[in-house]
Amino acid sequence: MGQDFGIFLISDSMPGMDPGLCANCRHVKALGNARGSVFYMCTLAERDSRFLRYPPLPVRSCDGYERASSAPTPANKEEGPPPK
Ligand code: SF4
């Protein structure tokens, strides 16, 4: 199980912030909320302890990176940060 060291997000208040490799990785799940924030959750963390559920952004190097066929879009609209 991965360790969490915080929640990292990209929001409207951080225009141009680059999530790095997570932006187009097949293992990311982008979670949006009503305030326009987007959280990048690494789904590999559920089964591999080398990965953090919410990796520090931007991710510049990652052994688990696999390019997705399309960029992730926020799938869920939730209030507040996602559960750890
Ligand atoms: S495998 Fe790496 S690049 Fe892909 S979502 Fe997880 S942390 Fe981001």
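Nothing in this text is a laboratory measurement; each read-out follows from the coordinates by a stated rule. Keep in mind the model is a prediction, meaning the values are calculated, not measured. Positions of Cβ are generated from backbone atoms using ideal geometry, with glycine treated the same way; all protein chains shown enter the neighbour counts.
Going by C-beta contacts inside 10 Å, put MET41, MET17 in order with the fewest on the left. Kindly include the intermediate steps, with their values, before the conclusion.
On the way: MET41 22, MET17 14.
Result, fewest neighbours first: MET17, MET41.
Among TYR65, TYR40, what is the fewest-to-most ranking by other Cβ atoms within 10 Å? It would help to have the intermediate numbers written out before the result.
Numbers: TYR65 17, TYR40 25.
Ordered from fewest to most neighbouring Cβ atoms within 10 Å, TYR65, TYR40 come out as TYR65, TYR40.
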